[in-house]
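Okay, handing you the structure first.
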Amino acid sequence: MRKPNKSELDELFNRRVESVVGEKELRAKLISGKKLLIKHGVDPTTALLHIGHATAYHKMREFQNLGHTVQFLVGGFTARFGDPTDRSHSRQLQSKAEVMKLAKQYLNQALKILDPKKTEIRYNSEWYDKLSAESLIELMSHFTHQQMIERDMFQKRLKAKLEIRFHEPVYPLLQAYDSVVLKDDLTVIGTDQLFNEMRGRDLQRDFGQEPQAIITVPLLVGTDGKNKMSKTLGNAINILDEPKAQYGKIMSVPDTLIYTYFDLATNINSAELGRIKKQLADKHTNPRDLKMELAHKIVSMYHGGLAADKAQDDFVKVFQKHSVPSNIPAVSIKKPTPLIDILLENGLVTSKSEFRRLLDQKGVKVDGHVVTDLGYELRPPTEPRDSGQLKTSATIQVGKRRFLQIKP
C-alpha cells in the first residue's frame with residue numbers, strides 16, 4: 001500500500017474520468033494512505049464483454065497498482081431480472097444457473113485487466129437469497145416512489161403508455177444496498193449507473209456509513225463512430241474476439257476516434273498519449289499508421305504480442321498487398337455442396353438472408369472471383385472441373401476478413 005504522487009493523483013482524477021462525486025473526501029483518503037475498497041458491479045446478461053466495458057477496469061487497475069482492493073460484485077441475484085436503465089421494456093427473467101454460467105465468462109474476461117491478487121469476487125445472492133420479506137420492505141421504506149419513478153426511462157415509458165413492471169423501480173434500491181453490505185469507499189461505473197449509485201450514498205448515510213465516492217467513466221463510441229459501443233447495435237469490439245477479427249475491427253474505427261481509443265482502451269502512459277496527440281495534429285502523419293499501432297496494442301493486451309504480430313501481418317497481406325492471410329481455417333467436402341451450406345456450417349455467415357445480402361454487395365469470392373449465384377456449388381477436389389465453376393481446392397472469402405480454405 002503506497003500513497004500516490006502528484007502525477008498519479010492527476011491520472012486517477014482525470015484520465016478515463018467523466019465525473020467524480022465526493023472528490024475531496026476521496027483525495028483525502030488516498031493521501032492518508034488508507035487502503036480503499038472499490039466496488040464494481042456487473043449483471044451478467046450476455047457472454048461477451050467489449051472494450052467499452054473495459055474502460056472501468058482500466059481505471060480500477062490504476063487504483064490496484066497503488067495497492068487498493070477491487071470488490072468485483074456479480075449480480076448473482078439482481079441479474080435474474082436485470083437493471084431497467086435505458087430500457088424501454090422489461091428485461092427477460094434469467095435463472096440463477098444461467099446467471100452463474102455467464103458470471104464465469106465475465107470474470108475470465110475482466111481478469112485480463114484487473115489484478116487477480118487484488119480482486120475480491122462477491123455475489124449479491126450471498127445476502128439477497130437470505131433477505132426476508134420484512135427486511136426488504138424495511139429497505140424500501142428508505143426511498144419514495146417519486147424518487148425511483150423520476151428516472152428518464154420510466155418517464156418515457158409513462159408518456160408512451162408502456163408498462164413498468166412493479167419490480168423495476170426497486171432495482172436501484174438493491175444496487176444501493178450492495179454498497180451498504182460491502183462498505184465500499186469508492187465505486188467505478190459507467191455514466192448510465194450514476195442514479196443507482198447515488199442512491200447507494202443515500203443508503204450508506206442512513207446506515208451510519210461514510211458515503212462512497214463515485215467515479216464515472218466515459219462511454220466508448222463503437223466502430224460506427226456514432227453510438228455507444230453495444231453488441232446489440234453491432235458496433236462492438238469484444239474482449240474475446242479472435243485476434244485477426246479484433247485487429248480488423250479496430251482498423252475500421254473512424255480516424256476521429258483514434259486518440260479516444262488510445263486514451264480509454266489502452267494502458268499507455270500520459271507521455272505516450274501526448275505523443276499520439278502531437279502526431280495526430282501533424283498533417284504529415286498517416287492516421288492509418290497510428291491506427292495500426294492502436295490495433296496492435298489492444299490485441300496484445302488481450303491475446304499477447306505474438307498474436308498481435310500475426311494479426312498485423314495478415315492485415316497487411318489482405319488490405320495492403322491484397323493477398324490471402326496465412327493459416328486460414330481449412331475444411332474438406334466429400335460431395336458436391338452448396339456454398340451457402342459450407343458458409344453456414346463453418347460460421348462465415350449466420351443466415352441465408354445474410355448470404356443473399358453479401359452476394360448483392362459482391363462480398364463473397366471464391367479464389368478471387370466474385371460469386372453472384374445463390375445456388376453456387378463446390379465439388380470435392382478429386383472431381384474434374386467442368387465449365388463455369390471452380391471444382392478444385394479453393395479459397396473462400398466472405399467480406400473483408402473472413403476466409404476458408406477447401407482442401408483435399
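Only the coordinates and a few stated rules stand behind these numbers; no lab work does. Everything quoted here is computed from the prediction, not taken from an experiment. A quick note on method: Cβ atoms are made from the backbone with ideal geometry, for glycine too, and the neighbour counts reach across all protein chains shown.
How far apart, in nanometres, would the label points at Val181 and Val331 be if each is projected 7 angstrom from Cα along the Cα-to-Cβ direction?
4.5 nm
Moving to a separate point now. Taking the DSSP beta bridges in segment 6-217 as the whole, what percent of them are antiparallel, to the nearest 5?
15 percent
Also, I was wondering about something else. Roughly what would the spin-label model give for Lys6 and Phe166, points 7 Å off Cα along C-beta, in nm?
5.9 nm
Using θ = phi - 60° and the Karplus curve 6.51 cos²θ - 1.76 cosθ + 1.60, what whole-Hz ³J(HN,Hα) does each residue of segment 163-174 get, with Gly and Pro shown as x?
Each residue of segment 163-174 in turn: 5, 10, 5, 4, 6, 5, x, 7, 4, x, 4, 5 Hz.
Taking the chain as the reference, fit the longest principal axis to its C-alpha atoms, fit the long axis of helix 194-206 to the helix C-alpha atoms, and give the angle between the two in degrees, 0 to 90, nearest 10.
30 degrees
Here's something else I'd like to know. Once you place label points 7 Å from the Cα toward the Cβ at Ser95 and Leu374, how far apart are they in nm?
3.9 nm
Among Arg288, Arg15, Arg275, which one moves the most in a GNM of the chain with springs linking Cα atoms closer than 10 Å?
Most flexible of the set in this elastic network: Arg275.
How long is segment 101-203 along each principal axis, judged by its Cα atoms, biggest number first, in Å?
46, 32, 28
Also, quick follow-up: Using alpha carbon centroids, what distance separates segment 18-87 and segment 139-178, in Å?
22 Å
Highest GNM mean-square fluctuation, the chain, Cα pairs closer than 10 Å: which of Pro116, Pro218, Pro329?
Answer for the Gaussian network model of the chain: Pro329.
If you don't mind, another one. Which shape class, rounded, prolate or oblate, goes with segment 243-320 when its Cα gyration tensor gives a ≥ b ≥ c as root eigenvalues, a/c under 1.5 marks rounded, and past that a/b bigger than b/c marks prolate?
In terms of gyration-tensor shape, oblate.
Give the separation of the Cα centroids, segment 276-307 to segment 334-363, in Å.
33 Å
Give me the Kirkwood hydrodynamic radius of the chain, using the inverse of the mean 1/r over all pairs of distinct Cα atoms, in Å to one decimal.
24.2 Å
How many percent of DSSP beta bridges within the chain run antiparallel, rounded to 5?
The antiparallel proportion sits near 45 percent.
On a 0 to 90 degree scale, rounded to 10, what angle separates helix 287-303 from the longest Cα axis of the chain?
That helix lies at roughly 70 degrees to the long axis.
Efficiency by 1/(1 + (r/R0)^6): what FRET value for Glu345 and Met140, r their Cβ-Cβ distance, R0 = 45 Å, to the nearest 0.05?
0.30
With r as the distance between the Cβ atoms of Asp289 and Ser252 and R0 = 25 Å, compute the FRET efficiency 1/(1 + (r/R0)^6) and round to 0.05.
0.95
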